[in-house]
Amino acid sequence: MNKLIERQNISENLKASNAYQQLSKLLNALEEKKFPAETVDLINQEIEQLNSISNIDKFFGRATKEKETRIIKLIEKKHKIVPKNYYNKKWMLLGMSAFGLPFGVVFGLSIGNMGMLGIGLPIGMGIGVGVGSSMDKKAFNEGRQLDFEVK
């Protein structure tokens, strides 16, 4: 797997520096797992595209974060390997929108006060965190979890 090139003046841009370090940690965690050559080639393409950027400006941090997201989605889609708390974060949002809002609407309509709509959000969040935590635990037990957490 390719490595990120050392950037001398990246410390001047704090967001870009943090994103670059985060991506470096992800690549180190991925090296511990064995992937087919096809997957490694796709990851290397993403790294080469990032390494080809010479100008560190306000868009470099965004490009780095985008590459990190694309690599994580690739690994999750092809191999079901995920970072720590991946499902927890994903299901918290899904719980709030898929369970919480409809529950809040039903609750608000039954009481006759649509101001109570927001009462469903924490309930949905709780459901989502519960589902996500169980999925993260399952991924850990099956050895499908990276020693890396997206921040």
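So here's what we get for this one:
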quantity: Count - residues of segment 11-47 that are closer than 15 Å to K67 by Cβ, among the basic types (K, R) and loosely packed, with under 14 Cβ neighbours inside 10 Å; calculated: 1
quantity: Subset of segment 106-130 (residues that are over 29 Å from N85 (Cβ atoms) and surrounded by fewer than 17 Cβ atoms within 10 Å (Cβ to Cβ)); calculated: V106, L109, S110, I111, G112, N113, M114, G115, M116
quantity: Positions within segment 48-86 being more than 17 Å from L26 (Cα to Cα) and surrounded by 17 or more Cβ atoms within 10 Å (Cβ to Cβ), in sequence order; calculated: I56, F60
quantity: Residues located in segment 127-148, provided they are small (G, A, S) and modelled with pLDDT of 95 or more; calculated: G128, G130, G132, S133, S134, A139
quantity: Residue within segment 107-114 that is part of a helix (DSSP H, G or I), among the β-branched types (V, I, T) and within 29 Å of A19 (Cβ to Cβ) present; calculated: no
quantity: Qualifying residue in segment 62-72 (condition: within 21 Å of V131 (Cα to Cα) and either at pLDDT 95 or above or of a type in the set (K, R) (or both)); calculated: yes
quantity: Answer from K77, K65, K73 - the residue that is touching a residue at least 12 places away in the same chain (Cβ under 8 Å) and among the charged types (D, E, K, R); calculated: K65
quantity: Matching entry among E48, E68 (being touching a helix residue (DSSP H, G or I) at 6+ places or on another chain (Cβ under 6 Å), of a type in the set (D, E) and part of a helix (DSSP H, G or I)); calculated: E68
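The values are calculated or read from the model by the stated rules, or taken from the named source; none is laboratory data. The model shown is predicted, which means the values in this text are computed figures rather than measured ones. No Cβ is skipped: glycine too gets one built from the backbone with ideal geometry, and neighbour counts run over all protein chains shown.
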